[in-house]
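This report concerns only the one structure given below.
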Amino acid sequence: MDKQLVTKKLQAKALNTQLVKLQQELEVVQKASGIDSYIAVKIEKNQSRFERTRVEDGADIATGLYFLGIEVTAKQEAVYIPLSIASGKKTAGFMYQIEGTGEGSVFRASVTSRGEGVSQVTVGTIVYTKIPTGKTAMFRIQAELKGKIGKTYKLIIYRLNYKLKLTDARYLQYVKELHSDSQKFS
């Protein structure tokens, strides 16, 4: 009887270890597919256009103008999202990259927010948008991209950082990519 009990305990321990591993894998898959416990994210507006500036003594200047309207809803508790956008190693609320058929760079990018019940909180030099439980904030992201004539570009928000409490040392992350429309610079 003792041998059976020991065997069952070992089996239970092995199954529990496997369950923990599967739960971790499920969490990774859910985050990649946009399932988040604390926020719901949706692209509400997606616009892009191209402007060409003629230059007599050189190559024309190609500029893409991108606009994304992103709705973020706080599901179970208030969330704080930094009101910033960046492409580099510096952490910001919205992290972006450019994808295209040619070399391009962002000339200017900005983010603003609005919404009923939504407020702004400043901690040091960082401005956060506070979204109360059950409320939705609309983030307006505008970016100007310099590129090459004849090439196609799009703006990708690859990560959204947020906190549940301003005193949290680390950010939680929404990692499902949010794509702008592709814009051909022609």
- Note on the structure: Stretched fully, the stretch from A40 through V127 gains (0.36 nm per residue minus C-alpha distance, one decimal, in nm) 29.2 nm
- Item | A78 long-range amide H proximity, modeled H, under 5 Å | T133
- Length gained, A86-E177, 0.36 nm per residue minus C-alpha separation, equals 31.3 nm
- Query: Considering amide H positions built from the backbone, and no H for Pro or chain starts, which residues 5 or more places from S119, or on another chain, come under 5 Å of its amide H?
  - Reply: K130
- Message: For segment 1-74 and segment 79-136, what is the centre-to-centre distance using only Cα atoms, to the nearest Å?
- Response: 17
- Note on the structure: Residue by residue through segment 53-63, the couplings from Karplus 6.51 cos²θ - 1.76 cosθ + 1.60 with θ = phi - 60°, in Hz, x for Gly and Pro, are 10, 6, 10, 5, 9, x, 6, 5, 9, 10, 10
- Most mobile listed residue (Q97, Q120, Q18) in the chain, GNM with C-alpha springs under 10 Å: Q18
- Task: Using amide H atoms built 1.01 Å from N in the peptide plane, name the residues 5+ places from S84, or on other chains, whose amide H lies under 5 Å from its own.
- Result: G93, F94
- Task: Compute the acute angle (0 to 90°) between the alpha-carbon long axis of helix 2-32 and the principal axis of greatest extent of the alpha-carbon atoms of the chain; round to the nearest 10°.
- Result: 10
- Which net charge results for the neighbourhood of F107, defined as the other residues with beta-carbon distances under 9 angstrom from its beta-carbon, given Lys and Arg at +1 and Asp and Glu at -1? +1
- Item | Order of I131, I43 under a 10 Å beta carbon neighbour criterion, fewest first | I43, I131
- Item | Charge tally in the Cβ shell below 15 Å around L10, where Lys, Arg are +1 and Asp, Glu are -1, L10 excluded | +3
- Note on the structure: For Y162, the net charge from surrounding residues (Cβ-Cβ under 12 Å; K, R +1; D, E -1) works out to +3
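Any read-out appearing in this document is the output of simple, stated calculations on the displayed coordinates, not a laboratory observation. Please read these numbers as outputs of a predicted model, since none were measured by experiment. All Cβ positions, even for glycine, are placed from backbone atoms using ideal geometry, and neighbour counts span all protein chains on display.
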